[in-house]
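Colleague: Here's a structure for you.
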Amino acid sequence: MSRIVVAFMLASCFLQVSCSRKMQFAASKSLPVNLQATQETRHLYANLKQLSKKGVMFGHQDDLAYGLGWKYEEGRSDIKDVVGDYPAVVGWDLGHLELGSTMNLDSVPFDQMRGFARQVYERGGLNTFSWHLNNPLDPAKTSWDPMDSTIQRLFSDPAALKVYDGWLDKVADYLTSLKGPNGELIPVVFRPLHEHTGSWFWWGRNHVSPEDYKKMWRYTVKHLRDKGANNILIAYSTDRFTSREDYLERYPGDDYVDVLGFDLYHRPRIDSTDTSPAPDTAFIRDARRMVETVRQLGQEKNKLWAFTETGLGNLPLANWWTSTVLPVVQDAGLSYVLVWRNANNSHYFAPFPGQKSAEDFKNLYNRPDVFFMKDVQAADIYSAPPKGKQKKPVALGDN
């Protein structure tokens, strides 16, 4: 065999390997970080990437469980009562699951929560889960009870670490108990150890070093994977942050995160009788700056990004949705924006019939780039995305 032929064969082999590696890398851009993720979870990740190019999904915490003046009424939702459609994303919390309680810290029974999550999934929407867990060193202490160096002490105390392992087992068991109509695991976004740039939780900034926080995060995610929770996308969710460097200070690494997010609430000083004030430019500026940071990082790291929690308590601004929320989320590439729960008439974050911002919320709903349940149902986010050019959802934005 001539040297020329050998050289040609070697060059061809090199090109094939190089192309193969490039193809693998390109494919990984549409895959979650867990290589064992279920088929539906992989489809969800890829479809969310495509959908976020067209607009943002709207979400509401505990939407199906209760609202203003009602609890556990089949098919009920404050959002649906206003616009005739459910939110595309519904948030839930696992706090007190670790304690063996039958209901979470907001008194939602875990069995009913499982049923609600299945309803969201069967309608085509997305479920997200946070976890306001108690302190494994002292389970009588809540998330909000300060205890410095909890995480550092946890890893030096085998008995306490065993307690935490048991808590993680309960979380994994619950998340893998979420099943669809064919027995498939329901994919969800799981948001552990959130708002850590604040210091109101025992895992917050002033109570733990960056390295110990990252250690806790990796340990948590690895344990859930080892227990077979292959239906979760992991969201890294800070509170307010000042810069890219601040956002990444406690970032656990690309192998442990699927979604880059942040929480930020609007707390203006306003006259509650004013129904049409000027938009709060400071909040818009700060929130949009944070959105741009997670957008840039998401693009660099091939991650999804989301506004994982926000809201204006009791919605005293009649035009808040279009004057304040819309400028933050519009053309931002966000997968979703989620507002907090409607607990009672003194603590709510979404409109209901007769609430002063309800009419403005309808304007947000009617936008073609803000998605609710009917939109994502049409997008079919749990099925394999079409090969080649992505097809546009038939009813996207047309409800």
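The values are calculated or read from the model by the stated rules, or taken from the named source; none is laboratory data. Fair warning: this is a prediction, and the values are worked out from it, not measured in the lab. Neighbour counts run over all protein chains shown; Cβ positions are idealised from the backbone, glycine included.
Colleague: Are any residues in the stretch 333-354 over 28 Å from E292 (Cβ atoms) and either polar (S, T, N, Q) or in contact (Cβ under 8 Å) with a residue 12 or more places away in the chain (or both), and if so, which ones?
Modeller: Those that are over 28 Å from E292 (Cβ atoms) and either polar (S, T, N, Q) or in contact (Cβ under 8 Å) with a residue 12 or more places away in the chain (or both): N342, A343, N344, N345, S346, H347, Y348, F352, P353.
Colleague: Here is a further query. Give the residues of the stretch 93-139 that are of a type in the set (S, T, Y) and within 23 Å of W200 (Cα to Cα), sorted by residue number.
Modeller: S107, T128, S130, listed by residue number.
Colleague: Another question, if that's okay. Can you find a residue that is in contact with a strand residue (DSSP E or B) (Cβ under 7 Å, 6 or more places away or on another chain), closer than 17 Å to Y348 by Cβ, part of a helix (DSSP H, G or I) and of a type outside the set (V, I, T) anywhere in the stretch 302-325?
Modeller: For the stretch 302-325, residues in contact with a strand residue (DSSP E or B) (Cβ under 7 Å, 6 or more places away or on another chain), closer than 17 Å to Y348 by Cβ, part of a helix (DSSP H, G or I) and of a type outside the set (V, I, T): present.
Colleague: Quick check: anything in the stretch 125-146 in a helix (DSSP H, G or I) and farther than 29 Å from P210 by Cα?
Modeller: no
Matching residues to (1) acidic (D, E); (2) surrounded by fewer than 23 Cβ atoms within 10 Å (Cβ to Cβ); (3) at pLDDT 95 or above; (4) under 26 Å from K53 (Cβ atoms):
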| residue | (1), (2), (3), (4) |
| --- | --- |
| S335 | no, no, yes, yes |
| L338 | no, no, yes, yes |
| Y348 | no, yes, yes, no |
| P368 | no, yes, yes, yes |
| F371 | no, no, yes, yes |
| K392 | no, yes, no, yes |
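Colleague: Can you find a residue that is assigned to a helix (DSSP H, G or I) and within 22 Å of V89 (Cα to Cα) anywhere in the stretch 182-205?
Modeller: No.
Colleague: Would you confirm, using the coordinates I've provided, whether K141 is surrounded by fewer than 22 Cβ atoms within 10 Å (Cβ to Cβ), under 22 Å from S383 (Cβ atoms) and touching a residue at least 12 places away in the same chain (Cβ under 8 Å)?
Modeller: Values: surrounded by fewer than 22 Cβ atoms within 10 Å (Cβ to Cβ): yes; under 22 Å from S383 (Cβ atoms): no; touching a residue at least 12 places away in the same chain (Cβ under 8 Å): yes.
When the stated conditions are applied, K141 does not pass them.
Colleague: Scan the stretch 63-96 for residues that are in a loop (DSSP other than H, G, I, E, B) and surrounded by 21 or more Cβ atoms within 10 Å (Cβ to Cβ) and jot them down.
Modeller: D63, L64, A65, S77, Y86, A88, L94, H96
Colleague: I've got another one for you. Which of the residues that make up the stretch 373-384 are touching a His at 6+ places or on another chain (Cβ under 8 Å) and either within 22 Å of D81 (Cβ to Cβ) or crowded, with 19+ Cβ neighbours inside 10 Å (or both)? Steps first, please.
Modeller: In the first step, residues of the stretch 373-384 are kept if they are touching a His at 6+ places or on another chain (Cβ under 8 Å); the result is 381-384.
Across the stretch 373-384, the qualifying residues are I381, Y382.
Colleague: Hey, another quick one. Can you pull out every residue in the stretch 367-391 that is in contact (Cβ under 8 Å) with a residue 12 or more places away in the chain, farther than 24 Å from D263 by Cα and not hydroxyl-bearing (S, T, Y)?
Modeller: Within the stretch 367-391, P368, K374, D375, Q377, A378, A379, D380, I381, A384, P385, Q390 qualify.
Colleague: Right, something else. Looking at (1) touching a residue at least 40 places away in the same chain (Cβ under 8 Å); (2) of a type outside the set (S, T, Y); (3) out of contact with any Gly (no Cβ under 7 Å at 6 or more places or on another chain), can you tell me which one P158 breaks?
Modeller: For P158, the exception is condition (1).
Colleague: Kindly establish whether T176 is farther than 21 Å from Q36 by Cα and in contact with a strand residue (DSSP E or B) (Cβ under 9 Å, 6 or more places away or on another chain).
Modeller: The answer is no for T176.
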